[in-house]
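Here's the structure, in structure tokens; my notes come after.
The values are calculated or read from the model by the stated rules, or taken from the named source; none is laboratory data. Keep in mind that what you see is a predicted model, and the values were worked out from it rather than measured. FYI the Cβ positions are ideal-geometry reconstructions off the backbone, even for glycines, and counts take in every protein chain you see.
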């Protein structure tokens, strides 16, 4: 079966990844680690997969692939705040798994095999390790995409005002968002510090994210957009609120990004900003 065509925007972003990775390898004279961030549904994973498919010495996995297991998130919800039962915000990822994977890829030689983690979003659990894809040899590029890769913490005072109904009604004392913010300042900053370069795919505003996430869900389920059940649409409206604060913060500049790809509402590229642009 022929591979599905890569959307034009994803192809352009893959071309950007190719350019910056080549420049970085020449500059650093070693394999490089590149992170790609952006709001849900912006096409970051599609672009990274396209680049990896065209460049076999690229090892790619997503921040989504290292979610904590359901039981671990339930424990976090019980011990810190109930909202941590839902995957996505800082604090719900197994960063130790991510760091171990990066370390194994760094040390791998021609004969070595590194298993790349995978998470089944529909089933909401990590794929059994025996079924993870295997990367053999030394990677010239390690590529990790994730919605909040490179996000910086907000000032404490910014956390006082809720940004949506979820925070207003279910995080009245700001415990959930304060804990997530603290994770960005500590464990996530440590993980992000292991990368050489960040590319951010910037939505025109947060307002487009619910629609983009709906389209993403339709694709994940193999459904036409108008066939997505109403209850799924309702759930998405709630789900994106978990991501809203940090997404808005990143769009306002609260992120590390050497390169920024600016998208329109239709995901077309309006411009690319960076040192070589």
Determine if segment 64-83 includes at least one residue that is touching a strand residue (DSSP E or B) at 6+ places or on another chain (Cβ under 8 Å), free of Cβ contacts under 8 Å to residues at least 12 places away in the same chain and in a helix (DSSP H, G or I).
-> no
Would you check if residue 106 is surrounded by fewer than 17 Cβ atoms within 10 Å (Cβ to Cβ), farther than 30 Å from residue 170 by Cβ and in contact with a strand residue (DSSP E or B) (Cβ under 6 Å, 6 or more places away or on another chain)?
-> no
Could you pull out the residue among 61, 51 that is in contact (Cβ under 8 Å) with a residue 60 or more places away in the chain, assigned to a strand (DSSP E or B) and within 17 Å of the chain's Cα centre (by Cα)?
-> 61
Restricting to helices (runs of 4 or more DSSP H) lying wholly in segment 172-277: which have 3 or more residues that are modelled with pLDDT under 95?
-> 209-221, 230-239
Out of curiosity, is residue 134 loosely packed, with under 15 Cβ neighbours inside 10 Å, more than 14 Å from residue 62 (Cβ to Cβ) and either modelled with pLDDT of 95 or more or out of contact with any strand residue (DSSP E or B) (no Cβ under 6 Å at 6 or more places or on another chain) (or both)?
-> yes
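Condition check ((1) in contact (Cβ under 8 Å) with a residue 40 or more places away in the chain; (2) surrounded by 13 or more Cβ atoms within 10 Å (Cβ to Cβ); (3) within 15 Å of the chain's Cα centre (by Cα)) across all residues:
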position	(1), (2), (3)
200	yes, yes, yes
213	yes, yes, yes
217	no, yes, no
220	yes, no, no
223	no, yes, no
229	no, no, no
235	no, no, no
240	yes, yes, yes
273	no, yes, no
Among strands (runs of 3 or more DSSP E) lying entirely in segment 93-168, which contain 1 or more residues that are touching a residue at least 24 places away in the same chain (Cβ under 8 Å), touching a helix residue (DSSP H, G or I) at 6+ places or on another chain (Cβ under 7 Å) and under 18 Å from residue 243 (Cα atoms)?
-> 141-145
